[in-house]
Structure formats: C-alpha cells, structure tokens
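First comes the structure, then the notes that go with it.
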Amino acid sequence: MTTYYPRLCIAGAASGAGKTTVALGLMAALRARGYRVQGFKVGPDYIDPGFYALVTERPGRNLDLWLVDARRLASLFARGMVGADVAVIEGVMGLYDGIGSSPAGSTADIARRLRAPVVLVVDVRGMGRTAAALVDGYRRFDGALHLAGVIFTRAGSQRHFNLVREAVEKHARVPVLGHLAFDPALSLPERHLGLVPAGERPDLTGFFERLRNAVEAGIDVDAVLEIARDADALPVTDDPFAAGAPGDASIAVARDEAFHFYYPENLEILVALGARLAFFSPLRDAHLPPGTQGIYIGGGFPEVFAAELAANTSLRQEIRAAAEAGLPVLAECGGYMYLCRGIVNGAGFHPMVGLVPATAAMTGRLQRCGYVRAELLHDCLLGRRRAVLRGHVFHYSVLGPEGSWPYAFKCRGLNQDEAFDGMAAGNLLASYVHFHFAGHPGAAERFIASCRERTNWI
C-alpha cells in the first residue's frame, strides 16, 4: 500500500544546534494555523515527545531503528499519522550520527527510509562564508538525502544573518528558510536526564506562545509547509499490531509526574493484544485500580519525588502485597528504583516498595547510557531463558544490593561491554532497561498472558 503524508525532518548540524527549539516552534506555528500536527523524535528519547504532546495535543512518538525493526518503521509512522495533517520529525545528534560508528538509525537514515525532506538547523555563531562550506558538505555527503532547506540559529544580527544566507544560497545552493534569533527566554531548563519534563512545567503556555512568535517572525513557515507537502508517497506494509481478545486482562499502569516514560505504542500494543489499562498515580492514589491483574511501572523521576512517593505508604504496601500474592509486576528504570527498599537522594533515604532487596542511590554522573542486547537469564514475564531483547539504558543511580538475587539480564552494549541488570523472580521483572513492544510484540503477549492467569486484585 502506498500512502501520502506531508512530512519533514528537522535535523541538526550537531547536538545543541537548536533543533528542538525550532521543531517545537514550527509545531506551534502550524498548530496555530489550524493544522493537526504529529511530532516524532528520532531515537529513544522520552522527554522531547512530552513537549510535542503539549504543543500538538497528540502523543509524541519515537522512530528508533535499534528498538524496532526497520521493516516496521513506515507502518509505525503511518499509525502515528492517523488523524494528522502534517508530521514534524525531530532528529537526534548530528544529521549523520547513527548507532555506534554505523550510519544506521541516524536522522539521515530515518529521513531516507521515510522519504522525508530534511531541513538542517545550523548554529552560525562565529561563522560567515564558512557556513556555506558546512552546509555544502552536508548536502554532498549523501546524494540520496533530500536536503530541502536550512534554518540558522544564533545569528548575531540581521546583518550577520544576511551575510550567511547569501553565502549559503550562492555556494551551497540550499534554500535558507530563515533564522531563530537568540533569546535566553526560549531556553528550556535541564537536569541530569536532559530537559525538565513538560509535565513539571505549569507555565508553558506563555513559553510556547513566545516561541511561536519568534518562529513566525524569523522563519518562512509557508515555505516549510510546502517542503512538507512535497514529500514523496510512502509505501506502507500492514499494521504490525495484532489483535487479541479485547479487555481480557486488566493491567494497572503507573502514570504521573514521577512515572511517565512510556512509548505510546507500548500501551497501544498492550490494548491491541487484549489488555485493559487502568492508570494510577503512585504519588496520589492510595490503592491500585479495582480488578488489577498485573502492574506496569515505567521510567521517570522517582528520585525527584522520593519524599512524596515515600509518604504514600498505603499504595507502597498494597503493591508489595499484590506482588507477593502473585500479581505480575513489570518495571523499567524509575519503576525499578521504586520497587527497591529505598531511594537515596540529596535529602537522604526514602523508603519505597521493598520488593527488590537493594537501595537505589543517586550519583553525580551518568552510570550507563546506550543501546543494549539484553539476554534473559531466566524464564520471565517477557520471554524464555536465553532470549535476547533489544533495549536502551540511561541512568544516574546505582543499586546497592542487600544480599544476592536472580539477575534478569546479561546486557551487552554496542562496545561489547557486559553487565548484569535487573531482577527476575517469578512474577516480578524489574530492571534499568527500557523496551519497545513494537520491536518485541511477543514479549507483550507473554506479559498479558501472565496477567490473564491471575485473579483480580481487589
């Protein structure tokens, strides 16, 4: 099947070029014109898509060729585009930076596979005609890529912008679509995992309005829209989501400011395979949803909300009792920390659920980051022993075990380093690894089957 979707990819010459700011501003400008905009992020990032969702009022989605097989890429993109008029795809790192030293999974790779025209964002601080050499190099590096335009950031003045624009259009022969003037008020605050999530910023309406105005003032939004409309038709295979018996397993999903790292497709696939999802807040709810047959706790920032999570004693005790009674519990990264005996942050020790005999302690540096192959060391909620799942890890905390336990995975990174991760004990599977169920639908089916076998937790 061949379908048509207006779309474009906002790529950076390098990390920090301003592509997130430009992408968000274009989404806001297109939304203000009445278009239904779908935001996508290349790579495994959870935080940027949260901002897309606020701007577009649609779930932000990811396009990742490590977590999901390339054969499903177009289908997942098409599924995300249902009901949308135009897609804005934000790249990752620099345009040609891929998985490890490979071009695979790079912004350019995703753009080629989706036949999406590319707009390159270039930070032109300290540049004049040199910008033309840089843009021309990006254009020539891959002749199969459609580099449709360029947007500048951090031009020092209108005169500086005019100088760089003239050089790029004359020597690199790439249309200049405008520039985003430097404004400190358009910078989003960051912390250890990147940007502070959108859900923790109650004042974003004014920020998005200011950003939209800056984009409208400096960038030719009509030209950007025409580039998106000129995208080629896209061949799409069948929808990868198999259908299951509707609503025959009730899964409680933790979702609030402390736990919100979920790929939308993970939840959609669970529903498509027969699960009924009930959301609850570990920060505010005293009990699990009625009828719970399984629990899914994703990643997030439990260390930021450790005191509030610790104060919700009734829910912590109920989750522990439910797990000890046999309910399946699946936890990723922040959820793993929540299931420990406690979390140590700058304010001290905070008791948590206590299912994992360890303390999660925050550190001042990144402990592990990157893609991994996770080999299952035991039969568990997601598969059989020796099965290998592809995942992603990113965490600043370390676990201090109190005794030994059955590790869940042997994880091998792209540089071939190995580490044991997580805990797999009967109905419990918790680890630092994030998975994408579109890459492993069989794992989702196995989790649902485990939940379906359990008596409801009342």
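Take peptides 81-89, 327-335, 26-34, 253-261 and line them up by average Cβ neighbours within 10 Å, highest first, as a rough protection proxy.
Values: 81-89: 18.9, 327-335: 26.8, 26-34: 20.6, 253-261: 22.3.
Those peptides, ordered most packed to least, come out 327-335, 253-261, 26-34, 81-89.
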Fill in the blank from the handout: Per the helix-only model, the chain has a calculated mean residue ellipticity at 222 nm (DSSP H runs of ≥4, -39500 (n - 2.57) each, divided over all residues, rounded to the nearest 500) of -8000 deg cm²/dmol
Exercise for the section: Can you tell me the 0 to 90 degree angle between the C-alpha axis of helix 158-167 and the longest principal axis of the chain, rounded to 10? Expected result: 80 degrees
Handout entry: About the Cα centre, charge dipole magnitude for region 292-350 (Lys/Arg +1, Asp/Glu -1 at Cβ), debye
Key = 100 debye
Handout entry: Packing-based order for 98-105, 43-50, using average beta carbon neighbours within 10 Å, highest first
Key = 43-50, 98-105
Problem - Set of lysines near Lys41 by C-alpha distance (under 26 Å), chain-local residues within fewer than 8 positions excluded - result: Lys19
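Under the classification rounded if a/c is under 1.5, otherwise prolate if a/b is larger than b/c and oblate if not, where does region 105-144 fall, given a ≥ b ≥ c as square roots of the Cα gyration tensor eigenvalues? Show your work: numbers first, answer last.
Details: a/c = 3.18, a/b = 2.13, b/c = 1.49.
The shape class here is prolate.
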Exercise for the section: Just subtract the alpha-carbon distance of Arg159 and Met1 from 0.36 nm times their residue separation and send over the number in nm, one decimal. Expected result: 52.0 nm
Problem - For Gly274, residues with placed amide H under 5 Å, excluding near neighbours - result: Gly244, Gly247
Fill in the blank from the handout: Rounded to the nearest 10, the angle in degrees between the Cα long axis of helix 47-56 and the longest principal axis of the Cα atoms of the chain comes to 70 degrees
Exercise for the section: Evaluate the charge dipole of region 282-393 about its Cα centre and quote only its size in Debye, nearest 20, assuming +1 on the Cβ of each Lys and Arg and -1 on the Cβ of each Asp and Glu. Expected result: 440 debye
Fill in the blank from the handout: Among Ala443, Ala310, Pro44, the residue whose Cα sits farthest towards the positive end of the charge dipole of the chain, when +1 is placed on the Cβ of each Lys and Arg and -1 on the Cβ of each Asp and Glu, is Pro44
Problem - Acute angle (nearest 10 degrees) that the helix 130-141 long axis makes with the longest principal axis of the chain, alpha-carbon atoms - result: 60 degrees
Completion exercise
Within the chain, the percent of DSSP beta bridges that are antiparallel, given to the nearest 5, stands at 45 percent
Practice task
Taking the Cα centre of the chain as origin, work out the dipole magnitude from +1 charges on Lys and Arg Cβ and -1 charges on Asp and Glu Cβ, in debye rounded to 20.
Solution key: 600 debye
Exercise for the section: Read phi for every residue in region 24-39 and hand back ³J(HN,Hα) as whole Hz from Karplus 6.51 cos²θ - 1.76 cosθ + 1.60, θ = phi - 60°, with x for Gly and Pro. Expected result: 4, x, 5, 4, 5, 5, 5, 5, 5, 8, x, 7, 8, 9, 10, x
Problem - Solvent-accessible area, 1.4 Å probe, carbon plus sulfur percent, for region 250-327 - result: 53 percent
Problem - Label corresponding to P(r) over Cα pairs in 20 Å bins from 0, in percent when calculated from the structure given, among (1) 25, 54, 21, 1; (2) 23, 57, 18, 2, 0; (3) 25, 60, 15, 0 - result: (1)
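Give the residue list of trypsin sites (Lys or Arg not before Pro) in region 92-156 that are DSSP loop and have at most 16 other beta-carbon atoms within 10 angstrom. Each step should come with its number before you reach the end.
On the way: sites: Arg112, Arg113, Arg115, Arg125, Arg129, Arg139, Arg140, Arg154; in loops: Arg115, Arg125, Arg129, Arg154.
Counting only loop positions with at most 16 other Cβ atoms within 10 Å, the trypsin sites (Lys or Arg not before Pro) in region 92-156 are Arg115, Arg125, Arg129.
The values are calculated or read from the model by the stated rules, or taken from the named source; none is laboratory data. Quick caveat: nothing in here was measured; it's all calculated off a predicted structure. Here the Cβ is made from the backbone with ideal geometry for all residues, glycine too, and neighbour counts use every protein chain on show. When the accessible area is computed, the model is the full protein with side chains, heavy atoms only, and any ligands, DNA or RNA have been set aside. Shrake-Rupley method; radii C 1.70, N 1.55, O 1.52, S 1.80 Å.
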